[in-house]
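Read the structure below first, then the notes.
The values are calculated or read from the model by the stated rules, or taken from the named source; none is laboratory data. This is a predicted model, so every value here is computed, not measured. Note that we place each Cβ from the backbone using ideal geometry, even for glycine, and neighbour counts take in every protein chain shown. For the accessible areas, the whole protein counts, side chains as well, though only heavy atoms, and no ligand, DNA or RNA atoms are used. Shrake-Rupley method; radii C 1.70, N 1.55, O 1.52, S 1.80 Å.
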Amino acid sequence: MQSLEAFFIMNHQQRPSDTPFPALTTTEVCTAADAAFSALRAKGIPHACLFGSAACVLHGMKHRVPRDVDLVVFNANMDEEALKRTIHSADTRFRLVSSKNPKKTYKILYYTLSSAPPRHCKVDILIPGLLEIPRIPQEHVVLCSHATFSLPVMPLFPLLLLKLRGWDDHRNARAAHLHAKTGDDIKDIDELLAMAVARQACAATWLPETLVVSAGARVREYVKLNHNESHIMKEVTPRRISEWVAIGVSNEAILQEDVRERVRFLQERRDQKAAARKARLARRAQREGSTQQPVAGTTSTGSAATAPRHIASTLTGSGNAASKRFNQVG
């Protein structure tokens, strides 16, 4: 099964122009998506839908602006590269760009929004099976509107489960720039979860059982790990648990025990760190004390007894010299 890290490395390359330009707007992303759907229909491939950040925004997510188009194509009987070539042949506004890695043979699909100034939108093409993407019956694809567009979008429930998969892949990624995406993933998941509860979204019979089961395991990790994301998690966690239970992804008793286990683990780790710090301080105090021991032959009331070694030796030496002179006089 392809990992999200491998997919990102394969598809997320530099834009056609190396010159930075302002971030795309949601309307521009929808323009590219609409053109891709039109190109597919022109080639006799009508069944496709959006997922990813564009789908989240069209479902009503407020804090996010999509950066590109993620398109799932169903029942096309061809792989992603063939689908890219199909879209490119149907509309000359699409461009196929080679990977920056000369050893890679795949192409990256871009839609040209304008040539002066240059504005491009990347279009990622996926098929069911990749990244656990399920086959979605055409009658369950949701039509969402933005500006003058009405676009087919993945239903909210599987979209949430795939976002959860993305978070899991990002947190386990070796690449630092992928691991850094977990913060955005958590915001996306929390907002999608609240939307799913408000709209009473739940698992459908056509969804693969493996996707729902794996999502349940990821929810357990998500709830446990995010208990440590913020100091306010003790207040937020019960609400999140009830929300995951409400959409039928997990069991409340299991999630509550997972959180208690996480709290115990964090407390043990804090105790171990405190004990280690205490031991370090004790060893340091012992070392410092050993360097201030009284010099032999001096009394506790003498100045040499309480002085550091190099001072004590000086004092002791001058005392012996004075005694020697006294004996000579006598």
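Here are the numbers:
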| quantity | calculated |
| --- | --- |
| Cα convex hull of the range 36-98 - mean projected area over all directions, nm² | 4.8 |
| Theoretical gain in end-to-end length, residue 43 to residue 116 [0.36 nm per residue, Cα-Cα removed] | 23.3 nm |
| Over the range 92-243, relative contact order from alpha-carbon pairs under 8 Å, at least 6 apart, % | 14 |
| Selection of trypsin sites (Lys or Arg not before Pro), the range 114-182, meeting DSSP coil and at most 12 other Cβ within 10 Å | 174 |
| Amide H partners (placed H, <5 Å) of residue 144, local residues excluded | 151, 153 |
| Fraction of alpha-carbon pairs over 18 Å apart in the range 67-210 - percent | 68 |
| Full-stretch length increase - residue 143, residue 100 - with 0.36 nm per residue and alpha-carbon distance subtracted | 11.9 nm |
| Inter-label distance, nm, simple model (7 Å from Cα along the C-beta direction), residue 252/residue 275 | 3.7 |
| 51, 265, reordered so the largest accessible area comes first (probe 1.4 Å) | 265, 51 |
| Long pairs among 104/187; 163/278; 43/163; 224/278; 62/103, criterion Cα-Cα beyond 32 Å | 104/187; 163/278; 62/103 |
